[in-house]
Amino acid sequence: MFRNSMIPLVLVCFFFWKVESQAKIASALYTFGDSTVVSWNDVVLNTPGKANYAPYGIDFPARPNARATNGATISDFFAQWLGIQSPPSFLSINPKTSKFSEGFNYASGLAGIRSETGTADPGVVNLSMEKQIELFRKTVQEYLPRLFSNEAELRNHLSKSIFLVVVGSNDYSLNYLSSQYNTSRIFNMVQFADSLVYYLQTQLQDLFSLGARKFVVFEIEPIGCKPAFLQTVNSKAKCAEKVNSYIASYNHKLGVMVQSMGLRNTTFVLAKRYQFMNDLMANPTRYGLKDSVNPCCAVSKSGMCIPNKAPCQDRNSYVFFDANHPTEAVYKTIAEQCFKGTDQCVPINVQELAKR
C-alpha cells in the first residue's frame, strides 16, 4: 500500500553518523555483507562475535556501536560522501512506524555467500546473504511503499540508490578453511570458488529484480595476511600464501562474473580490494601507517578484542584493530580510493556511479 502523497513524512530519531554536510548525490545506501560493514543487526540477533563492547567503537561518536573496528566503516564513509545519513541496521528499526528512506544496513558479522557459513556452532543465528536479501525484499514490498505515492516513485528511488556488497571472506575463514565443515573435502579450490561466484551472481540478480541498479561489489581481501592467519617463519611474520591463493582464485572469477552480468540499465562497480590491501599490508608507511602485523587491541583466541581492555594509543598508525578487522584509518583509505579514486574501483568510482 503506497502512502497518500498529502501525508507529511516525519523522521524517527536515530543516532546517525554524519560528520560533514555534503550535497546529496544518491537517494539511499543499502549495505549487505559481513563484519567489514556490520553495525547493530548482530546485537538484535544476539550473534556470537558481536562487537557491542569496549574497546570497539572507541573513536565513534556513539559507542558501543557494534562495528568491528575502532570507529567508522566503509559503509559509514560512503554514506557521508553521498550526502546521506549512515544507514541504520534494519533489525534495529520499527518497520511499522519508521519513516527513514535513506537506506538500511542488513549486514551480519558471520555472514557468507553460502547459507551455512558461520553457523557450525549449535544455536548460532546470523544473516546470510540469502537472509539479508529476504529482509530487503520485505523492505521493498512492505516498508518502502508507505513512504512513496506510487510504484514509479519507489522504483525511481531504488534506481538512484547505491547497493554496497562486501561479502565472501567468511566463506573461507568460517567454512572452507574450518575443520567444522566438510566443504574442503567436497570441493577443490576451483570448485568452491565457482560455487561462491554462482551463488553471489544469483543473489545480485535477486537484488536487481527488486529494483537495484547501481552496485558496488568488493573483492575479498588477502585474509592470509591478517594477524589471525599470519605464520611465523625464522622469527618473522609471513602471510599464509596458500590461503591467499584461494582468495585470488575467487577474486578473478568474481571480476569475470561482474563484467559479464549484462543486466539492463544497471552498472556494476568492482572494488579491487585484494591488491590494494596486499600493498598496504606490505608497505604500511606508504599509506601513513606503521604496524601491519599486530592488532591494536589485545585479542582472545577468537581474534576479537578482549572486553574492556584498553587498545593501543596510536590507532591511526595500525592496519588492524583486532586480529581480523582493519582500523578506521584503513577503512577510510579504502573508502576514499573507491569513492573518489581511479584505480581501486572499476570501471568508475562510486562518486561517478552515484551521479549517473
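Only one of the listed residues (SER115, SER75) is hydroxyl-bearing (Ser, Thr, Tyr) and open to solvent by 10 Å² or more (accessible area, probe 1.4 Å). That residue is SER115. So which residues in region 283-295 are part of a helix (DSSP H, G or I), surrounded by 12 or more Cβ atoms within 10 Å (Cβ to Cβ) and free of Cβ contacts under 8 Å to residues at least 40 places away in the same chain? Hit for region 283-295 is PRO284, nothing else. Going through (1) in contact with a helix residue (DSSP H, G or I) (Cβ under 6 Å, 6 or more places away or on another chain); (2) in a helix (DSSP H, G or I); (3) closer than 23 Å to ALA28 by Cβ one by one, GLY211 falls short only on (2).
Of all the numbered requirements in (1) in a loop (DSSP other than H, G, I, E, B); (2) open to solvent by less than 10 Å² (accessible area, probe 1.4 Å), PHE192 misses one, and that requirement is (1).
Entry remark, region 168-189: residues being outside any loop (DSSP other than H, G, I, E, B), within 13 Å of VAL243 (Cα to Cα) and among the polar types (S, T, N, Q) number 5 in total. Checked against the criteria, ASN65 counts as within 17 Å of the chain's Cα centre (by Cα), crowded, with 19+ Cβ neighbours inside 10 Å and at pLDDT below 95.
Just a yes or no: is a residue in region 261-271 open to solvent by 40 Å² or more (accessible area, probe 1.4 Å) and in contact with a Ser or Thr (Cβ under 7 Å, 6 or more places away or on another chain)? Scanning region 261-271 turns up no residue that is open to solvent by 40 Å² or more (accessible area, probe 1.4 Å) and in contact with a Ser or Thr (Cβ under 7 Å, 6 or more places away or on another chain).
Filtering THR31, THR47, THR36 for residues that are modelled with pLDDT of 90 or more, over 20 Å from ALA354 (Cα atoms) and of a type in the set (S, T, N, Q) leaves a single hit, THR36.
Scan region 315-347 for residues that are within 24 Å of ALA26 (Cα to Cα) and part of a strand (DSSP E or B) and the total you get is 2.
In region 87-98, the residues that are within 17 Å of ILE133 (Cα to Cα) reach residues that are of a type in the set (Lys, Arg) and surrounded by fewer than 16 Cβ atoms within 10 Å (Cβ to Cβ) with C-beta atoms within less than 8 angstrom, at least six apart or across chains, in these pairs: PRO95/LYS138.
With respect to being in contact with a Lys or Arg (Cβ under 8 Å, 6 or more places away or on another chain) and open to solvent by less than 40 Å² (accessible area, probe 1.4 Å), GLN85 falls outside the description. Look at (1) open to solvent by 40 Å² or more (accessible area, probe 1.4 Å); (2) out of contact with any Ser or Thr (no Cβ under 8 Å at 6 or more places or on another chain); (3) of a type in the set (Ser, Thr, Tyr) and you find that TYR274 fails only one, number (1).
The values are calculated or read from the model by the stated rules, or taken from the named source; none is laboratory data. As the structure is a prediction and not an experimental result, all values here were calculated from the model. Cβ atoms come from the backbone with ideal geometry, glycine included; neighbour counts cover every protein chain shown. All accessible areas refer to the heavy atoms of the entire protein, side chains included, with ligands and DNA or RNA removed. Shrake-Rupley method; radii C 1.70, N 1.55, O 1.52, S 1.80 Å.
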